[in-house]
Amino acid sequence: MPGIDYGETPHRRYNPLTREWVLVSPHRTKRPWQGQVERTTEERRPRYDPRCYLCPGNSRAGGDATNPQYTGTYVFTNDFAALLEDVPSGEVNDGGLLQARSERGICRVVCFSPDHSLGIPDLSVAELRAVVDVWAQEYAELGGKPHINYVQIFQNNGAVMGASNPHPHGQIWSNETVPQIPTVETASMAAYLAEHGSCMLCDYTALELERRERLVCENDHFAVVVPFWAVWPFETLVLAKRHVGSLLDLDSAERTGLGEIIKRLTTRYDNLFETSFPYSMGLHQQPTDGHAHEEWHFHIHYYPPLLRSATVRKFMVGYEMLGNPQRDVTAEGAAQRLAALSEVRFGER
Ligand code: H2U
Ligand code: ZN
């Protein structure tokens, strides 16, 4: 069979990490748009907000706790944690249809900066490096506990993605059971290693660095691509150039490189629609279940919902809830748009 004209022909693409498919309908980008396209005005925030439960010195919503006068990053156990350390262990199994298991875990909140007014692109490379350091420290500490087999570090950025507060912060949920998505990724990477004798994401990074059609930006240590199989319009994948399983395998230059690439990527995102760009992002690191996980290749997923402006977002509805995800703009088209943007944030130009 001949190849596919990705920019013209409806086709399906395979995600080798999650083993899912996405329907790509490039011909639909020509369809008329009659919805609203608004510009949002940037809300200016104070550097300290007396009502913010994450600002230094303020008391939290959870009750008794008060934040210290922290000057860098600050981590605390989530006052409304989804997972708890102390739960009675129990199991329901009626032979198939009804299965349940108690689950133990620890949830933390990470404040990236004491300054309430800052977004991620406003943080300096040194400040972002400090965030990487605190992530590494938490991964080591939580993952080192015998009953914690997986540590998920993530950030909801912007109210539309569920961030409850504009103060720069992220979350960590860690628990006994490796969750679904990293479980599938582990199986995929292990099967690839067994079959090819090489790492899936090392090979994928090399492919993208050679072709460059989906490359957004890179530095010595990381590459950012809109993955071939992206579902969200401007989804990106941050790939470590070296085969590392977690932040703990990064040397000092690589940790700084990670902070730098996060700053550059989020600046590009903000410049795309000249707005503080919403997203959920998360680090995928090897499970902390005591196995070596040679197949694991550290990466970060960015899932932003915006489609065509600061106010027009993609919804995963209809066919996508019932069949499989679908996109119109190709990954290559999205990558070219992101690659063409400035790395100086629009407000500062
Ligand atoms: P999000 O913005 O991603 O929701 O993260 C904020 C977290 O902070 C959220 O999980 C917690 C919420 O439970 N939180 C506290 O732990 N203490 C508080 O005083 C308020 C919010
Ligand atoms: Zn604050």
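The values are calculated or read from the model by the stated rules, or taken from the named source; none is laboratory data. Not measured: the values here are computed from a predicted model. Virtual Cβ from ideal backbone geometry, glycine too; neighbours counted across all protein chains shown. Please note that ligands, DNA and RNA were not included when accessible areas were found on the heavy atoms of the full protein model with its side chains. Shrake-Rupley method; radii C 1.70, N 1.55, O 1.52, S 1.80 Å.
Below, the figures for the structure above:
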{"item": "Isolated Cys residues of the chain, judged by Cβ distance under 4.7 Å to other cysteines", "result": "Cys107, Cys111, Cys217"}
{"item": "Relative contact order [Cα under 8 Å, 6+ residues apart], the chain, whole percent", "result": "21"}
{"item": "Kirkwood-based Rg to Rh ratio, region 166-325, C-alpha trace", "result": "0.96"}
{"item": "Normalised alpha carbon radius of gyration of region 194-276 [divisor 2.2 N^0.38 Å]", "result": "1.15"}
{"item": "Backbone HN-Hα couplings from phi across region 243-248 [Karplus 6.51/-1.76/1.60, Hz, Gly and Pro as x]", "result": "6, 10, x, 7, 4, 5"}
{"item": "Sum of -39500 (n - 2.57) over DSSP H runs of 4+, divided by residues of the chain (222 nm, nearest 500)", "result": "-7500 deg cm²/dmol"}
{"item": "Computed label-point distance, nm, for sites Arg12 and Val184 using a 7 Å Cα→Cβ extension", "result": "1.4"}
{"item": "Longest to shortest principal axis, alpha-carbon extents of region 30-168, angstrom", "result": "55, 52, 30"}
{"item": "Sequence of Asp289, Asp270 when ordered by accessible area, the most exposed leading, probe 1.4 angstrom", "result": "Asp289, Asp270"}
{"item": "Leading residue at positive end of dipole, region 212-252 (Cβ point charges), from Phe222, Val244, Trp232", "result": "Trp232"}
{"item": "Percent of Cα pairs exceeding the 33 Å cut-off, where the set is the chain", "result": "31"}
{"item": "Long-range amide H partners of Gln326 with built H, under 5 Å", "result": "Leu23"}
{"item": "Global size of region 264-320 as Cα Rg and Dmax, reported in angstrom", "result": "16.0, 45"}
{"item": "Tyr70, Tyr269, Tyr48, Tyr6, reordered so the largest accessible area comes first (probe 1.4 Å)", "result": "Tyr48, Tyr6, Tyr70, Tyr269"}
{"item": "Net lengthening on full extension, Ala81/Asn219 (0.36 nm per residue, minus Cα-Cα)", "result": "46.1 nm"}
{"item": "Percent antiparallel among DSSP beta bridges (both partners in the chain, rounded to 5)", "result": "95"}
{"item": "Relative intensity, log₁₀ I(q)/I(0), of region 66-146 from a Debye sum that treats every alpha carbon as a point, q = 0.14, 0.25 Å⁻¹", "result": "-0.64, -1.24"}
{"item": "In sequence order, calculated HN-Hα J values of region 283-295 (Karplus, 6.51, -1.76, 1.60; Hz; x Gly/Pro)", "result": "8, 9, 10, 5, x, 9, 9, x, 8, 6, 6, 4, 6"}
{"item": "Under 5 Å, built H, 5+ apart or other chain: amide partners of His284", "result": "His299, Ile300, His301"}
{"item": "Exposure of Ile4 as accessible area (Å², to 10), given a probe of 1.4 Å and all protein chains", "result": "90"}
